[in-house]
1. I'd like the residue in the stretch A:32-74 that is part of a loop (DSSP other than H, G, I, E, B), of a type outside the set (Ser, Thr, Tyr) and more than 7 Å from ligand 3 (Cβ to nearest atom) and, out of all such residues, is nearest to A:Gln135 (Cα to Cα).
2. If we only count strands (runs of 3 or more DSSP E) wholly inside the stretch B:3-84, which ones have 2 or more residues that are closer than 20 Å to A:Leu531 by Cβ and among the acidic types (Asp, Glu)?
3. List pairs: first residue in the stretch A:323-336 and away from chain B (no Cβ under 12 Å), second residue among the aromatic types (Phe, Trp, Tyr) anywhere in the structure, Cβ distance under 8 angstrom, at least six positions apart or on different chains.
4. Identify, please: which residue in the stretch B:52-65 is more than 44 Å from the chain's Cα centre (by Cα) and either surrounded by 24 or more Cβ atoms within 10 Å (Cβ to Cβ) or not small (Gly, Ala, Ser) (or both) and is, among those, nearest to ligand 4 (Cβ to nearest atom)?
5. Any residue at all in the stretch A:15-35 that's of a type in the set (Lys, Arg) and either surrounded by 14 or more Cβ atoms within 10 Å (Cβ to Cβ) or in contact with a Pro (Cβ under 6 Å, 6 or more places away or on another chain) (or both)?
6. Among the listed residues A:Ser372, A:Ser386, identify the single one that is among the polar types (S, T, N, Q), outside any helix (DSSP H, G or I) and under 17 Å from A:Ser458 (Cβ atoms).
7. Quick check, is B:Val206 part of a helix (DSSP H, G or I), within 13 Å of another protein chain (Cβ to nearest Cβ) and under 29 Å from the mean Cα position of the chain (by Cα)?
Amino acid sequence: MPKVTIENLSAIAAEAQEKHAAYKSILLVCAGTGCVSSGSLSFRDVLQKEIDNRELSSELKVVATGCNGFCAHGPICVVQPEGIFYQHLKARHVPELIEQHFVQGKPVEHLMYRAAKGERAIPLEKDIQFFAKQQTIALRNRGRLDPEDIADAIRRGAYQGLQKVLAEGIKAEALIDLILRSGIRGRGGGGFPTGIKWQTCRQASLERKETAYVVCNGDEGDPGAFMDRSIVEADPHAVIEGMILGALAVGAQEGLVYIRKEYPLALQRLYKAIDQAREWGLLGDDLMGSGMKFDIQVHQGAGAFVCGESTALMASMEGRAGEPRAKYVHTVEYGFRNAPTVLNNVETWASIPPIVSKGAEWFAAIGVGDVSQSPWGGSSGTKVFSLVGNVCNTGLVEVPMGISLREIVYDIGGGIPNGRKLKAIQSGGPSGGCLPESQLDLAVDFDTLQEAGSMMGSGGLIVMDDRTCMVDVARYFISFLMDESCGKCTPCREGLVAVHEVLTRITEGKGRREDLDLLEDLGAAMKEGSLCGLGQSAVNPVLSTLRYFREEYEAHINDGRCPAGACKALIRYTIDTETCNGCGACVKPCPTAAITGKLKQVHIIDQEACIQCGTCLDACNFDAVRVE
Amino acid sequence: MIEVSFEDKKIEVEPGTTLVDAAKAAGVYITTLCHNEQLEPYGACRICSVEIAEGERRRVVTACNYPVHKPVTVFTKSERTLRTRRVILEMMLARWPKVKVIQNMAKLAGVEEPRFAHPDRNESENACILCGLCVRICKEGLWHNVLAFEGRGPTRKVTQPFGEISPECTGCSACADICPTGAITMVDDPNHPADPARIRKAGQVVTREMILLDHQQALMRIVGTAHLVEIMNDYDLLPVNNYKFGDHPDAEKISSPHFRKKYFTQGVPDACYLGCNMACTKAVEGFELKTGPDQGKFVVVDGPEYETLGGSSNMGIFDPEWVIEMNYYCDTYGIDTISYATAMAFVMECYEAGVLNQERTGGLELPFGAADAAIEVLHQMAEGEGFGLTVGLGIRRMKKLFAEKYDADAAFLQDIGMEAKGLEYSEYVTKESLAQQGGYGIALKGAQHDEAWLIFMDMVNKQIPSFEDKAEALHYFPMWRTWFGLNGLCKLPWNDVEPEDNGEVDEPAKVPKHVDGYCNLVAGMTGKEVKPADLILQSERVYNFQRIFNLKMGFGKREHDVIPYRSAGPVTEEEYQSRAERYDGQLKEEQGLDPAAMSLAEKVAATRQWREDRYQKLLDAVYKRRGWTADGIPTLATAKRLGLDQMEGLTELLAAHGVKE
Ligand SMILES: Cc1cc2nc3c(=O)[nH]c(=O)nc-3n(C[C@H](O)[C@H](O)[C@H](O)COP(=O)(O)O)c2cc1C
Ligand code: SF4
Ligand code: FES
Ligand code: FES
């Protein structure tokens, strides 16, 4: 294998490009976790076999990529150079696909995306609405390269930022200045300016003559979030290059990536990428022949949400229990092994190389606000979100900062399925907040979301329709956090139990009038009194729903009623005698056999046997089931 | 200094001081629960939450671990402060309604009935409230890690590994001592002491002092006795070149900060016995040997301790790795580092004085500082070959041999051969402490500081100026230290770390509070009350028995308590001149002579005469105090008082040495 040097990087890239271009078509099969679980690997195997059998392997190249983003439609295969998008692929589609598309030159329409049933097929990925409004920086290579082949990454521009810094002899201070001017703020939740963090770390390192560490936070504990996992799976070299650049800036020689064990594919690709980078001279004792020394170790976390918190993460890496400590002394100054430490999120690291190669101004121009004086002046660049919940196009999206929630939900997400109404958007992970429909035109950036009582967090977006009870939602997040609280400090450990108790009694119709004050009291003590960010922000789901959906709480307490019809203790399912035509569709699905009635006669629900699961509601084709 | 303002008080503190400490200094009360001065700030209970303002910025922080770095105003009674504390206490009260500390704090904060029912409500008065004090005292204070938290969030609890009583637990009971709710009970000791609680209490005092005070006083837990190197060097007491001098510019290289930084690897307690909370044993791990039969091996070396380091400086060697190597081989061969080093120092001085030469050493060049040759001699000693055979004889026999075989000046050899009763001196320069000269000279087993270490009392603190004072000290301390030997106890916890207020008591050198502690141990173990004087009497009996034993074996008289002059004063002119100011001053002040009018030789002689005379006077005073004759033999009356007269043949033995009453 070649040793990559400052001089030969572009030649290596060109050579890889030449090999790449020699194929007539590249078939990019998504091998992200979502598509793998819906069978993309067996599809890929059958595809490869078919190509081999037909002796087409010199023309057609199959590449297993990381997550393409449009996971709801997986397994996915994109055919380049045209960019034709195939979805929901099964092994049985292979012969047809090869024959029609690649032998006869007629792309297969019925495997293409359609905005809705009966609408026309959209052949090109870029024309699909889901992709149209996206702008990819961190995800620049998603579904575009083979994450297990460093040459392919180099072909797509990997290590050019590093090459630029080394070739031009850009000094650490200038590099930090560049990051500062780009305005980039941390993508892991806090939104702290990355440049300021690096600067402080460098200073501490110089003052104390202690070598700094750079650490990548890939813990990603938010339920439903998979931004970081997808970046590592799709483009591990982006993270590695980002970390090398960070190491150059702060003078680190050792980097660590903290990833949870539950991400086996990400781990496997990262290990492979690190090995290849070492072999190719991009990690180790003499990076690109420049004499720079830097290497990366991977630390597998056991999967505790709190281990994403900086001090707990470092405690865990040092072999101690993953419990936070007070941050009155910051980890940039006294972090891993008490040395100055830069901790950045996966997405932050992955965004660094393009900033370095394309320039601070390019990045600063994307997004909102004015970051020319200070990164605090706005939110520049793009942000990756995992869009999930009651939305048509679930998946991974990267959008410019400042885009509105409405554009994300409706333009990219395709709106709410089943013709239901949007009720709320939860952003910022479990300790984020819920915003109502009226806030849909809010700009998505660090400061606006914060003001509205939510937060950017690491990029989870959960869309909820009108059948969602906001008290119940708050209770769900509180119960998640209660289990994930490390238990070290009283307000978080006991406060979450208390809040959970109170919310439970409200959802059971046993709430008291004073309970809303009590929740606010508990919330204030947790916010001010908790040791770490988990406890401090844990009541956000409660406080934000209280702020925007107070009447829903009041309905539970005052009238013993759940307006969304979700709280089981407060609802009864009945069958409307007028509407029911006795089709019997609801009888079989009911898990407790609570529904009886002769065919073509009105059916009834036995209230003793009913467990309020709502199956009949979905089963009825005539809207005859009522929730009271 | 940085200003910290409270509602009605102000104080200036060092940067980094915590708010709790600042408040304490200002006389302001802030409630704490999980905080304890023995431990690192932890910040878990959050009871100490206070609102602060730094410039424009107002927020709530925990006082126990918030370090002051900017001028800060603390609002201990603001609404935010009070509300945070109140709600936290409400949470705790809901879970542990019967625990006294919580009830009290809740009452103070005005919390009555919690507004919600806790699913894990615990009605015990002694419930564990998860403050973590026990876990931390075990881990941070004692490095034992027997206790730990288990479980996350609401399932968190304190436990031992696998939920069983850990075999690693030494039963020190520091956890039970520190627990604010009495949640920890101790399982009784298998040795069935008469009063286990009393023993535990005495032990808890020691443990608390070790944790709180050792790092201010001695660093025994961090570097062990190695910390003495720098102290001895500062006070001109570190033996250099066979006790000629008391300090050296290179001493820093073998001092404890250097070892701590570069060599000592153990961050865990390594004690002679598991329960010791001083745990002063230290070790160097992964050390590659450069010489000898184990050359090239990577080994663990237990030490080095002070005497080994002082022995090295005594040979004029200041190479830390050499000391570690020597330490390893002495341990491996079963050779005492003190005897080896002191004997080598004697050999080196003989070499420099021309008594020895390469021909006589089997080709080895052995001036002071000859590290390679010195380690070679050590290997030879162990092998029983070459010049090692000679050094292995020890100083007493070497003196005789060199005088007879090489016609060396026997008197000079006697002056510089640092042994008494045939045992090599340990590593302290005693020239300016007459009491310590006695400590070495009179010691029953030879020149060993274990019986009495009086240098600081005598020379530095000048607490025992008269002969009678010194004699009293040479009575009390040898008896007291003998008591440790009688009971198989280590003496270090007695006075290497002292109670905080020890300076204020009548006889600080005796560390009376600790002596009381030992009385409690004896009483707790045996069920019999004892007083400090009873302990001394126990020792006196044994000590006099041993002296009589020595007498019987031909070692128990005044003539055996002689010391080499090097331990009392400057033997050579070189030595005199190295401390000329001091010796000249003494000629003038103590002897009324005029040094300016004297030749160097005259000054050396006059100094010697005065010092030797004082030593004899000291012997007189000590013998008298101990109830011995002028020849250093216990009188019959003394033997009777101690009940030794029942020994068979005692009267005859004493009579044979002229002692009749
Ligand atoms: C409870 C808690 C969990 C967190 N989890 C994560 C996480 O999973 N991933 C992450 O990057 N940051 C997480 N953070 C934020 C990190 O502490 C830290 O701010 C971040 O990694 C810094 O990187 P950035 O500046 O690039 O965002 C968490 C914070 C808290 C308080
Ligand atoms: S806030 Fe919660 S997670 Fe953070 S330290 Fe306290 S108990 Fe642990
Ligand atoms: S996993 Fe294939 S598109 Fe996300
Ligand atoms: S005393 Fe400060 S947090 Fe417990």
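1. Going through the qualifying residues, I end up with A:Gly66.
2. On the way: elements: B:10-13, B:49-54, B:57-62, B:72-75.
By residue number, B:49-54.
3. A:Gly335/A:Tyr213; A:Phe336/A:Tyr213
4. First, pick out the residues of the stretch B:52-65 that are more than 44 Å from the chain's Cα centre (by Cα): B:53-59.
Adding the requirement that they be either surrounded by 24 or more Cβ atoms within 10 Å (Cβ to Cβ) or not small (Gly, Ala, Ser) (or both) leaves B:54, B:56-59.
Details: B:Glu54: 18, B:Glu56: 25, B:Arg57: 20, B:Arg58: 19, B:Arg59: 15 Å.
Of everything passing the filter in the stretch B:52-65, B:Arg59 is nearest to ligand 4 (Cβ to nearest atom).
5. In the first step, residues of the stretch A:15-35 are kept if they are of a type in the set (Lys, Arg); the result is A:19, A:24.
Cutting the leftovers down to either surrounded by 14 or more Cβ atoms within 10 Å (Cβ to Cβ) or in contact with a Pro (Cβ under 6 Å, 6 or more places away or on another chain) (or both) gives us none.
No, there is no match, as no residue in the stretch A:15-35 is of a type in the set (Lys, Arg) and either surrounded by 14 or more Cβ atoms within 10 Å (Cβ to Cβ) or in contact with a Pro (Cβ under 6 Å, 6 or more places away or on another chain) (or both).
6. On the way: A:Ser372 fails: under 17 Å from A:Ser458 (Cβ atoms).
Exactly one of A:Ser372, A:Ser386 is among the polar types (S, T, N, Q), outside any helix (DSSP H, G or I) and under 17 Å from A:Ser458 (Cβ atoms), namely A:Ser386.
7. Numbers: part of a helix (DSSP H, G or I): yes; within 13 Å of another protein chain (Cβ to nearest Cβ): no; under 29 Å from the mean Cα position of the chain (by Cα): yes.
In short, no.
Residue by residue, here is whether (1) within 32 Å of the chain's Cα centre (by Cα); (2) under 30 Å from B:Arg83 (Cα atoms); (3) away from ligand 1 (no atom under 16 Å from the Cβ); (4) not aliphatic (A, V, I, L, M) holds:
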residue	(1), (2), (3), (4)
A:Ser530	yes, yes, no, yes
A:Asn540	yes, yes, no, yes
A:Leu546	yes, yes, yes, no
A:Glu554	no, yes, yes, yes
A:Pro563	yes, no, yes, yes
A:Glu578	no, no, yes, yes
A:Cys586	no, no, yes, yes
A:Thr592	no, no, yes, yes
A:Lys600	no, no, yes, yes
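The values are calculated or read from the model by the stated rules, or taken from the named source; none is laboratory data. Given the structure is predicted, the values throughout are model-derived calculations rather than measurements. For neighbour counting, all protein chains shown are included, and Cβ atoms are generated from backbone atoms with ideal geometry for every residue, glycine included.
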